[in-house]
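Bear in mind these aren't lab numbers, they're just calculated from the coordinates by the rules spelled out. Note that the coordinates shown come from a computational prediction; the quantities given were computed from them, not determined experimentally. Heads up, the Cβs are rebuilt from the backbone with ideal geometry, glycines too, and the neighbour counts pull from every protein chain shown.
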Amino acid sequence: MMRQFELLERVKAYDPAADEDALNRAYVFSMKAHGAQLRASGDPYFSHPIEVAGILAEMKLDAASIITGLLHDTVEDTVATLEDIERLFGPDIAKLVDGVTKLSRLELQSDQTKQAENFRKLVLAMSEDIRVLLVKLADRLHNMRTLHFLKDEERRRRIARETMEIYAPLAERIGMHEMKDELDDQAFAELHPDARASLMARLSFLREKGEGLAERIIDELQETLTKGGLSAEVSGREKTPYSVWRKMQRKNVGFEQLSDIMAFRVVVDTVEECYQALGVIHSRYPVVPGRFKDYISTPKPNNYRSLHTGVIGPERQRIEVQIRTREMHEVAELGVAAHWVYKQGAPRTEGRQYRWLRELLDILEHASDPQEFLEHTKLEMFQDQVFCFTPKGDLIALPRGATPVDFAYAVHSVVGDTCVGAKINGRLAPLRTQLANGDQVEVITSKAQTPSPTWERFVVTGKARARIRRFIRTQQRQQYLDLGRAILQKAFRHEGHEFAEKALEEVLKRFNCDSVENLFVAVGEGLATGR
Ligand code: MN
């Protein structure tokens with residue numbers, strides 16, 4: 001377990017101005033709050049928040065994020081309250097801890113990952129401050145690292161699936177590739193242990209057969225670049241078993257056909273040097289056609305920048321090489337967390353955090369559909385949504401401002417038509433209540449109920465409005481129909497005739513109506529003129 005001073009040293013190493021006193025107090029507070037609680041591993045529970053704080057420190061996040069990491073489970077799992085945290089650590093930390101606590105509660109609510117996309121949006125919508133999401137991801141990463149200690153297999157698999165379907169894609173969308181890779185690979189280990197084991201065996205066989213092949217490739221690349229007058233840092237990274245497996249699935253090829261299980265990286269100081277390095281490599285080795293991509297002049301929507309090329313490199317090996325500057329590299333590995341680091345020097349203002357969030361939301365939206373790079377409407381659509389649960393845990397997405405009546409109609413039009421009340425998070429609430437993200441809504445229905453015209457004043461969804469209007473129209477028509485029939489019956493009597501619908505059928509044309517019923521309605525509305 002990481003000791004108090006170690007954590008402090010790590011944070012101080014990249015942020016000398018970090019609030020040492022607050023970090024120490026958070027450490028002690030969390031340790032005392034979790035007391036004798038144990039993890040499934042048998043370790044003291046307290047080891048978990050410390051490891052989470054350690055992961056956040058690796059991401060070089062600000063002291064507030066580290067403190068939130070230390071405190072993130074205290075409100076949910078100990079007697080400590082949010083008020084305690086606000087009193088001891090201030091409103092900002094309290095808000096962050098509250099956000100993480102809410103996300104954790106959400107997890108318990110829904111074990112359906114079918115609606116992963118909606119769930120991802122909900123998590124984002126609830127992470128008003130992006131640091132909430134970063135702490136949540138670090139929390140999930142440590143839980144995945146220790147997943148094998150859980151005895152309940154069903155639960156382990158559920159957590160692994162949720163990680164793969166919700167948290168790994170979230171990490172990817174905010175550009176945190178390292179985090180994404182590990183989350184995926186940990187989940188893969190739980191879900192397909194056999195496939196992963198055989199891939200690992202195969203990878204280590206290739207590693208041994210190559211007898212330091214990767215090292216020789218790195219050395220030669222390094223030498224080539226140095227001769228070309230560049231000081232570059234060359235490294236090689238074996239792909240994770242999960243990413244190799246994904247590639248096999250995607251390209252529908254066997255392991256034998258997979259050549260590039262290693263990715264080589266060249267890190268230089270400036271953008272000009274990136275292109276110089278590319279020139280040196282291209283003039284020294286045969287280029288594999290169709291593999292060159294310039295993500296420096298045209299960055300990926302999530303801000304990824306790099307030059308990619310494929311060459312028949314040292315030892316006649318077909319390799320992929322990525323060339324980038326140090327800053328590009330950090331952004332590629334850490335995503336938004338790197339932006340955070342780079343912006344830490346900027347003056348602290350209230351707006352900055354939100355502008356940053358705004359930028360992030362931009363990135364997210366664009367990443368899901370690069371075509372809509374300049375179209376902001378979609379982003380607004382997303383921000384204008386609330387996500388609520390049915391009692392069974394189904395996720396219902398609604399426009400912001402939606403009420404239990406909108407919710408009821410979204411579930412089923414019959415549920416909408418017959419709703420008489422609603423329980424929000426277990427408590428009775430008026431039908432006009434505006435729903436909030438994460439609300440669990442139980443609609444109370446009665447067969448005797450019909451849509452009320454007053455609902456039209458507060459519903460926001462088209463479906464609810466259309467159903468209510470249709471019902472009101474039908475109801476009005478019935479009233480006009482009854483009224484019209486009564487007027488005509490009276491008129492017949494007045495003239496001394498016996499009332500007969502048959503008699504009316506012969507005069508429909510004169511009244512421009514196609515049925516007796518419509519004639520009644522027209523008379524009731526006062527529209528029949530008898531021309
Ligand atoms: Mn936790």
message: Sort M262, M200, M328 by Cβ crowding within 10 Å, fewest neighbours at the top.
response: M200, M262, M328
- prompt: Put +1 on the Cβ of each Lys and Arg and -1 on the Cβ of each Asp and Glu in region 4-190; which of L82, I159, I55 then has its Cα farthest toward the positive end of the dipole?
  reply: I159
- prompt: Which pairs, out of K136/K209; K121/K392; K121/K239, put more than 31 Å between their alpha-carbon atoms?
  reply: K136/K209
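Quick one: dipole size for region 472-525, taken about the Cα centre, charges +1 on Lys/Arg Cβ and -1 on Asp/Glu Cβ, in debye to the nearest 20.
Values: 8 positive and 9 negative charges, 30 e Å.
The calculated dipole for region 472-525 is roughly 140 debye.
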query: Going by how many other Cβ atoms sit within 10 Å of their own, how do K300, K136, K447 line up, fewest first?
result: K447, K300, K136
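Using Cβ contacts closer than 10 Å as the measure, can you line up L106, L134 from fewest to most?
Lowest count first: L106, L134.
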statement: Between E456 and A263, the two model label points (7 Å from Cα along the beta-carbon direction) sit apart by a distance in nm of 5.7
